[in-house]
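These notes concern the structure reproduced below.
The values are calculated or read from the model by the stated rules, or taken from the named source; none is laboratory data. The structure presented is a predicted model; accordingly, all values stated were derived computationally and were not measured. No Cβ is skipped: glycine too gets one built from the backbone with ideal geometry, and neighbour counts run over all protein chains shown. For the accessible areas, the whole protein counts, side chains as well, though only heavy atoms, and no ligand, DNA or RNA atoms are used. Shrake-Rupley method; radii C 1.70, N 1.55, O 1.52, S 1.80 Å.
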Amino acid sequence: MSTSGDDRLHTRLGRTALRVSRVCLGTVNFGGRVEEPEARELLDYAVDSGINFVDTANIYGWREYKGYTEEVIGRWLASRPSLRDGVVLATKVGNAMREGINEQGLSARHIVAACEASLRRLGTEWIDLYQMHHVDRDAGWDEVWQAMELLVQQGKVRYVGSSNFAGWNLAAAQEAANARNFLGVVSEQCLYNLTVRHPELELLPAARAYGVAVLPWSPLHGGLLSGVLRKTAEGRAVKSGQGRSAAVLERMRGTIERYERLCADFGRDPAEVGLAWVMARPGVTSTVIGPRTPSHVKDALQALESPLSDRETALLEELFPPIGRGGAAPDAWLT
């Protein structure tokens, strides 16, 4: 995982001096879709390929039980202890881990308790990036930052990030942190891809103004942009025809048909095209992928190494126009 002056795989995390890979290994599929031996193989392949950024959440692994994924990562780190200093490890807090009125959200009590529990599952002394999984409208920012400051002072957390925030949430959080002379939010993880472009309205400008790294999740929208129609016809669709992807496919089938034809005209795989588009967007720091095989990781690295041409980008912009130029309304992806 060495870097050099001409290192194109790594970049700074927003306004910090921390360097992370521009491809982030997301682990949401660990447990249920990816079993532990395969998960370890994925982690090994990723870090051996230069990826130093691993993202998880305390709730991941819920198909087995909440916390399972952090435990898998912890056992992997224990098996390769020399890697810990080279890996930028990110996890999240906010979702309910068990029953109880104080077992969720961003109260100071829950933030600190959840961090302690994540550290135990991960088998590490510190979390590099501790992310608020969602906004908690019941928690004031002074309370949130008090808890985060404590964890940073104790050496248990290095940086704080957010996930699924709106632009105004990001601004409010950072202004409150500034008033406390605290570093505040350094990254925002958001749903962003060719079919979901509403972050361009306010979130991306806010992130740029505050020096916050943008980490898109589901860059292929749950497989929708990975060649779902071709895979379905060939009987190879695993995740692509399920969940988020299936719901949107019913509404966008004609567009996805044209997208897959366009990718064929480019002579490129649809997944590579979708990833390359996200990776090249202004303000995007690292793209969070959710691979199930090492080949998926390899494809993501290939997309990074083979950017789209101006012509290819222009044709994609015509097919998936931004909001205000024919693109879907901000809440359309929810339906």
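Being open to solvent by 10 Å² or more (accessible area, probe 1.4 Å), in contact (Cβ under 8 Å) with a residue 60 or more places away in the chain and either in a loop (DSSP other than H, G, I, E, B) or of a type in the set (S, T, N, Q) (or both) is the filter here; which residues of the stretch 55-86 pass it?
Within the stretch 55-86, just 59 meets the criteria.
When you look at residue 135, is it farther than 27 Å from residue 300 by Cβ and part of a loop (DSSP other than H, G, I, E, B), yes or no? If you could, list the steps in order and put the result at the bottom.
Working: farther than 27 Å from residue 300 by Cβ: yes; part of a loop (DSSP other than H, G, I, E, B): yes.
The answer is yes for residue 135.
Any residue at all in the stretch 236-243 that is surrounded by 21 or more Cβ atoms within 10 Å (Cβ to Cβ), in a loop (DSSP other than H, G, I, E, B) and more than 17 Å from the chain's Cα centre (by Cα)?
The answer is yes; a qualifying residue exists.
Here is a yes/no grid of residues against (1) small (Gly, Ala, Ser); (2) without any contact (Cβ under 8 Å) to a residue 24 or more places away in the chain:
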| position | (1), (2) |
| --- | --- |
| 53 | no, no |
| 88 | no, no |
| 92 | no, no |
| 104 | no, yes |
| 108 | yes, no |
| 122 | no, no |
| 142 | no, no |
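Which of the residues belonging to the stretch 252-283 are modelled with pLDDT of 95 or more, of a type in the set (A, V, I, L, M) and open to solvent by 20 Å² or more (accessible area, probe 1.4 Å)?
262, 264, 280
If a residue must be under 12 Å from residue 109 (Cβ atoms) and either open to solvent by less than 10 Å² (accessible area, probe 1.4 Å) or among the basic types (Lys, Arg) (or both), how many such residues does the stretch 134-155 contain?
Counting residues in the stretch 134-155 that are under 12 Å from residue 109 (Cβ atoms) and either open to solvent by less than 10 Å² (accessible area, probe 1.4 Å) or among the basic types (Lys, Arg) (or both) gives 2.
Taking the stretch 162-186, which residues are of a type in the set (A, V, I, L, M) and either surrounded by fewer than 23 Cβ atoms within 10 Å (Cβ to Cβ) or touching a residue at least 60 places away in the same chain (Cβ under 8 Å) (or both)? Let's see the steps before the verdict.
Taking the stretch 162-186 and keeping what is of a type in the set (A, V, I, L, M), we get 166, 170-173, 176-177, 179, 183, 185-186.
Result: 166, 171, 172, 176, 177, 179, 183, 186.
Restricting the search to the stretch 139-181, which residues are small (Gly, Ala, Ser) and either assigned to a strand (DSSP E or B) or modelled with pLDDT under 95 (or both)?
If we filter the stretch 139-181 for residues that are small (Gly, Ala, Ser), which is where we start, we get 139-140, 147, 155, 161-163, 166-167, 171-173, 176-177, 179.
Scanning the stretch 139-181 gives 161, 162, 163.
Can you find a residue that is farther than 21 Å from residue 169 by Cβ, part of a loop (DSSP other than H, G, I, E, B) and touching a Leu at 6+ places or on another chain (Cβ under 7 Å) anywhere in the stretch 105-123?
Taking every residue of the stretch 105-123 in turn, at least one turns out to be farther than 21 Å from residue 169 by Cβ, part of a loop (DSSP other than H, G, I, E, B) and touching a Leu at 6+ places or on another chain (Cβ under 7 Å).
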